[in-house]
1. Answer with yes or no whether Leu201 is of a type outside the set (Ser, Thr, Tyr), outside the structural domain of Glu114 (by TED's automatic domain parsing), under 24 Å from Ile138 (Cβ atoms) and surrounded by fewer than 22 Cβ atoms within 10 Å (Cβ to Cβ).
2. Inspect the stretch 180-196 for any residue being outside any loop (DSSP other than H, G, I, E, B), free of Cβ contacts under 8 Å to residues at least 24 places away in the same chain and over 21 Å from the mean Cα position of the chain (by Cα) and give the result as yes or no.
3. Residue check: is Ala169 under 13 Å from the mean Cα position of the chain (by Cα), modelled with pLDDT of 90 or more and over 15 Å from Val218 (Cα atoms)?
4. Among the listed residues Val210, Val196, which satisfies the condition of being outside the structural domain of Leu24 (by TED's automatic domain parsing), over 22 Å from Arg117 (Cα atoms) and modelled with pLDDT of 95 or more?
5. Taking Val82 as the residue in question, decide whether it is at pLDDT 75 or above, touching a strand residue (DSSP E or B) at 6+ places or on another chain (Cβ under 9 Å) and within 27 Å of Tyr166 (Cβ to Cβ).
6. Here is a check on your reading of the model: is Arg190 basic (Lys, Arg), more than 16 Å from Lys124 (Cα to Cα), surrounded by fewer than 19 Cβ atoms within 10 Å (Cβ to Cβ) and assigned by TED's automatic domain parsing to the domain that holds Leu130?
7. Search the stretch 197-210 for residues being among the acidic types (Asp, Glu) and closer than 15 Å to Tyr131 by Cα, and hand back the single one that is farthest from the chain's Cα centre (by Cα).
8. For Leu39, state whether it is under 18 Å from the mean Cα position of the chain (by Cα), modelled with pLDDT of 75 or more and not assigned by TED's automatic domain parsing to the domain that holds Val134.
Amino acid sequence: MACHQQQIKNLPGGKGPREKLKRLGSGALADDELLAVILTRGSKSEDPLRIAQRIMESYGSGALLGAGDVECLRQLYDVGEVHACQILACFELGRRFFQKAKGVYLRAPEAVYEYLRSMSRFNKEAFRGLYLDVKGGIVHDEIVSLGTLTMNLVHPREVFRPAIEYSAASIILVHNHPSGDPTPSAEDLRVTRQLVEVGKLMDIEVLDHVIIGRESFVSLRRKGLMGLGVSR
């Protein structure tokens, strides 16, 4: 008889972690819910969320960071080989991403462009926030929204929420133009102006808005367009 594995998508009521992630974004998920999304499948006795909860309740996320190999994870947490591999791969990927961002200081738009040059290959507009400490080092990097830039899409609440969460002193806004031409549009300037004003109220400075094209970029700060109205 085939072994029945409970899948994350089959959790009752469509309220599983994956559905929550799609509705609210990854930031809304607890640690055990994020781990359940990665595990995908459970065992014949436990769904993936229950496995994740058991691991977190018993050992905590700090212990996971210290588990160095597949066999260690299997023995410590009573999980199968596939789950152990998934967990190790997840934490190694996170470690690498964190190490890349840690110690990065963005003091000029050229540095921003080099850091996010890969956005020039995106086939959809992405709006990104680089959240900096008082020395200009990155404390958080997040894609805030996907789609053509408008104030309906880029709400100040979504832009400044990570700044508060990570105690950022300032923000650099970045988005790409899939057309390849980084020339700012009227809407780009309008969105920038509104976010700069919100930043003043919250005492979190919006340092720049860098627009990335195919082979070049535009810094609105350098062009004197931060917080200015659209030229007529």
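The values are calculated or read from the model by the stated rules, or taken from the named source; none is laboratory data. The structure presented is a predicted model; accordingly, all values stated were derived computationally and were not measured. Neighbour counts run over all protein chains shown; Cβ positions are idealised from the backbone, glycine included.
1. no
2. no
3. Judged against the criteria, Ala169 is not a match.
4. Every option except Val196 fails the conditions.
5. For Val82, the condition - at pLDDT 75 or above, touching a strand residue (DSSP E or B) at 6+ places or on another chain (Cβ under 9 Å) and within 27 Å of Tyr166 (Cβ to Cβ) - is not met.
6. yes
7. The extreme case among them is Asp203.
8. Here the answer is no, as Leu39 does not meet what is asked.
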